[in-house]
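The values are calculated or read from the model by the stated rules, or taken from the named source; none is laboratory data. Owing to the predicted nature of the structure, the values given are computational and were not obtained by experimental measurement. Backbone-built Cβ (ideal geometry, glycine too); neighbour counts: all protein chains shown. Accessible surface areas use protein heavy atoms only, side chains included; no ligands, DNA or RNA. Shrake-Rupley method; radii C 1.70, N 1.55, O 1.52, S 1.80 Å.
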Amino acid sequence: MSVEKNTRNLDQGIVRDFSSRMSYASYLQLPTLLSAQQPVSQPEHHDELLFIIQHQTTELWLKLVLHELRSAADWLRADDLGSALKGIARVKHIQKTLTEQWSVLATLTPTEYSQFRGFLGNSSGFQSAQYRAVEFVLGNKNSKMLPIFESDPQAHAMLAELLAAPSIYDEFLAYLSRQGFDVPRSVLDRDVTQAYEFTPELVPLFKHIYENAADNWAAYEACEELVDLEDNFQLWRFRHLRTVQRTIGMKTGTGGSSGVTFLQKALELTFFPELFAVRTEIGQ
């Protein structure tokens, strides 16, 4: 069937009247979504729309990451490892998208950004409640972050809840224990409101899993999925740092942080330390 005059005819069955039907725009609430980009610079600077959309889309992806990770933790608690790994696999794809997004923001030159940065006041990505929530779910708990969100009761309540809840790594270690692996009691009974810290006693357990992968395939696969998750997160952190550095150099952040220096410290944080430490021990 050929196309005449470079114009295709609409199929007869295509719905045209949405006066009483749900449309694409109404389902996705596009009028609300597309009206949420409100530049504050005066006069409005051309590149501020890029800056807003970059951060809004990041927040949408973070919402989905949280949805998947919290569900994965629930599935681990129910000993449904397959569903948990499916959720983590989806998160890994989202992480790649989030990391690639930095290349779009990196097209914003220092000169362009400086022309509207002053209008942002003290607003900063540092204040992203969803980003902090993802860190909490993965095990980087930090109660000192909560006061920053006291003016937003909903965000504060979410972070307080996640601070008190086991991380996805806590749930994985508890799952391994229920499967008969020798997880130290001190790990299972730890204070989950604190950031997870390296536990040397766990390394022999993971060494056993890795060196006997065929007999412990489910646990082995889960370990590698978690390693991927942390690797992707660290790549995101690094890309964030480099984008900030090329845009504002060593300036202080709008939220009051030291900027690049503060972001650099984040690269030293870890979620699943034993899964990386065990690599030194395998084969020895």
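If I ask for residues that are polar (S, T, N, Q) and either surrounded by 10 or more Cβ atoms within 10 Å (Cβ to Cβ) or more than 14 Å from L120 (Cβ to Cβ) (or both), which ones from region 29-58 would you list?
Q29, T32, S35, Q37, S41, Q54, Q56, T57, T58
Being farther than 18 Å from L76 by Cα, assigned to a loop (DSSP other than H, G, I, E, B) and of a type in the set (G, A, S), is that true of even one residue in region 182-200?
There is at least one residue in region 182-200 that is farther than 18 Å from L76 by Cα, assigned to a loop (DSSP other than H, G, I, E, B) and of a type in the set (G, A, S).
Under 8 Å by Cβ, and 6 or more places apart or on different chains, what pairs join a residue from region 89-107 that is hydroxyl-bearing (S, T, Y) with one that is part of a helix (DSSP H, G or I) and open to solvent by less than 50 Å² (accessible area, probe 1.4 Å)?
So the pair list comes out as T99/N232; T99/W236; T107/L50.
If you check K92 against the conditions, is it within 24 Å of Q127 (Cα to Cα) and open to solvent by 50 Å² or more (accessible area, probe 1.4 Å)?
no
Where the second residue is among the polar types (S, T, N, Q) and the first is open to solvent by less than 40 Å² (accessible area, probe 1.4 Å) and lies in region 148-163, which pairs have Cβ atoms under 8 Å and are six or more apart or on separate chains?
These pairs meet every condition: F149/Q127; L163/S143; L163/T193.
Restricting the first residue to region 204-229 and requiring it to be more than 18 Å from L173 (Cβ to Cβ), which pairs with a second residue that is open to solvent by 10 Å² or more (accessible area, probe 1.4 Å) and among the hydroxyl-bearing types (S, T, Y) meet a Cβ separation below 7 Å and a spacing of at least six or different chains?
Final answer for the pair search is A213/Y220.
Over 30 Å from L173 (Cα atoms), outside any loop (DSSP other than H, G, I, E, B) and either open to solvent by 50 Å² or more (accessible area, probe 1.4 Å) or in contact with a Phe, Trp or Tyr (Cβ under 9 Å, 6 or more places away or on another chain) (or both), is that true of S26?
It is true that S26 is over 30 Å from L173 (Cα atoms), outside any loop (DSSP other than H, G, I, E, B) and either open to solvent by 50 Å² or more (accessible area, probe 1.4 Å) or in contact with a Phe, Trp or Tyr (Cβ under 9 Å, 6 or more places away or on another chain) (or both).
Which pairs do you get when a residue that is in contact (Cβ under 8 Å) with a residue 40 or more places away in the chain, found in region 32-54, comes within reach of a residue that is of a type in the set (D, E) and surrounded by 15 or more Cβ atoms within 10 Å (Cβ to Cβ), reach meaning Cβ atoms under 6 angstrom, with the pair 6+ apart or on two chains?
As it stands, the answer is P39/E48; S41/E48; D47/E112, since those pairs meet every condition given.
Could you tell me whether any residue of region 50-59 is out of contact with any Lys or Arg (no Cβ under 7 Å at 6 or more places or on another chain) and at positive phi? Don't jump to the end; show me each part of the working.
If we filter region 50-59 for residues that are out of contact with any Lys or Arg (no Cβ under 7 Å at 6 or more places or on another chain), which is where we start, we get 50-59.
Next, from what is left, pick out any that are at positive phi: none.
No: zero hits.
Just one of the numbered conditions (1) of a type outside the set (D, E); (2) within 26 Å of E68 (Cβ to Cβ); (3) in contact (Cβ under 8 Å) with a residue 60 or more places away in the chain is not true of Y113; which one?
(2)
Among the residues of region 238-284, write down those that are closer than 29 Å to V203 by Cβ and exposed (fewer than 15 other Cβ atoms within 10 Å of the Cβ).
Q264, K265, L267, E268, R279, T280, E281, I282, G283, Q284 - these are the residues of region 238-284 that are closer than 29 Å to V203 by Cβ and exposed (fewer than 15 other Cβ atoms within 10 Å of the Cβ).
Based on this model, can you work out whether T252 counts as in contact with a helix residue (DSSP H, G or I) (Cβ under 8 Å, 6 or more places away or on another chain) and part of a loop (DSSP other than H, G, I, E, B)?
No.
Given (1) farther than 24 Å from A218 by Cα; (2) open to solvent by 40 Å² or more (accessible area, probe 1.4 Å); (3) out of contact with any Leu (no Cβ under 6 Å at 6 or more places or on another chain); (4) of a type outside the set (D, E, K, R), identify the lone condition not met by P200.
Failing condition for P200: (1).
Of all residues being part of a helix (DSSP H, G or I) and aliphatic (A, V, I, L, M) in region 163-181, which is nearest to Q130 (Cα to Cα)? Just the residue, please.
My answer is L163.
Can you work out which of the residues in region 263-284 that are in contact (Cβ under 8 Å) with a residue 60 or more places away in the chain and of a type in the set (A, V, I, L, M, F, W, C) is nearest to R239 (Cα to Cα)?
Among those residues, the one meeting the criterion is L269.
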